[in-house]
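Single-structure report; data block below.
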Amino acid sequence: MILIFKNRYDAGEKLWNRISELINDDTHILAVPEGGIQIAEYTCKKLNKPLDIILCKKLRYPFSEISFMGAVAEEDLFVINEEATAYLGISEEYINTELKTQLESMKKDKETYERTEQLDILDRNVVVIADGITTGLTMLTIIKYLQLHKAKSILIACSVALRDAVYMLENNGVNVIALHMPEKIDKIDSYYEKNEPLSEAYLASVLNNYKSESGKSSSLMYRH
């Protein structure tokens, strides 16, 4: 059993110690729900900065609920592992159906997080905070979205990230800070001693405490 952090808030405190000197007044803090919200809470508390969320949906293989062929963001931006889908014979029809399913799910997420406006990230320094990165496809999709909307700089910050995924993301023009970079990850949850599901009430309270400049918590992203 692997345990590195007491919980995601503890991870957030440790992550803050690594990224604090890299954040300035122009930095926009984005969290990847759900776990990323609790980790980002500590940074927003220390800086008294607003917190926005970035939405990104994983695209499932037809034979598995826990392995993924890519991810999709808003504006129908998506990233697919084309080599894997070709090797496994995944049809274009299935990919299009899964894209539609996850985009519909994203609409529900927007309602849950009361996201009504697109994030204003033009020429902004952006920090994306997550609780873990495995394949890196979801985060790569987020990066592509941020680059499309011309973020000035992008820093990915997370508690646990697969080492190969970190290298892949860095090769896409961003900086990555991960507190722990194992060569293999079975489950992100195994790195947290306390891993209770985060209630909607808790998530709402965090987002309300650190509202975005527009007055409401915002979300963004999906693609691979």
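The values are calculated or read from the model by the stated rules, or taken from the named source; none is laboratory data. Worth saying up front: this structure is predicted, and the values here are computed from it rather than measured. Every residue, glycine among them, receives a Cβ derived from its backbone with ideal geometry; neighbour counts consider all protein chains shown.
Of note:
- The set of residues from the stretch 14-34 being at pLDDT 90 or above and not aliphatic (A, V, I, L, M) comprises LYS14, TRP16, ASN17, ARG18, SER20, GLU21, THR27, HIS28.
- Test: residue in the stretch 81-88 that is under 20 Å from the mean Cα position of the chain (by Cα), outside any strand (DSSP E or B) and farther than 16 Å from LYS144 by Cβ: no
- Evaluated against (1) closer than 28 Å to ASN209 by Cβ; (2) in contact with a helix residue (DSSP H, G or I) (Cβ under 8 Å, 6 or more places away or on another chain); (3) modelled with pLDDT of 90 or more, TYR61 falls short on exactly one condition, (1).
- For the stretch 35-58, filtered to residues that are over 21 Å from VAL79 (Cα atoms) and of a type in the set (D, E, K, R), the residue that is modelled with the lowest pLDDT is LYS49.
- Among the residues of the stretch 69-89, not one is hydrophobic (A, V, I, L, M, F, W, C) and over 23 Å from ALA165 (Cα atoms).
- Restricting the stretch 64-77 to residues that are buried (at least 18 other Cβ atoms within 10 Å of the Cβ) and out of contact with any helix residue (DSSP H, G or I) (no Cβ under 6 Å at 6 or more places or on another chain), the residue that is modelled with the lowest pLDDT: GLU74
- Of the residues making up the stretch 89-123, those that are polar (S, T, N, Q) and in a loop (DSSP other than H, G, I, E, B) are SER91, THR116, GLN118.
- Residues of the stretch 144-171 satisfying the condition of being assigned to a loop (DSSP other than H, G, I, E, B) and either at positive phi or surrounded by 15 or more Cβ atoms within 10 Å (Cβ to Cβ) (or both): HIS149, LYS150, ALA151, LEU162
- Matching residues in the stretch 172-198 - criterion: being within 24 Å of ILE143 (Cβ to Cβ) and assigned to a loop (DSSP other than H, G, I, E, B): ASN172, GLY173, VAL174, MET181, PRO182, GLU183, LYS184, ILE185, LYS187
- Residue, surrounded by the fewest Cβ atoms within 10 Å (Cβ to Cβ), within the stretch 172-193, restricted to residues that are closer than 24 Å to GLN38 by Cα and of a type in the set (Gly, Ala, Ser): SER190
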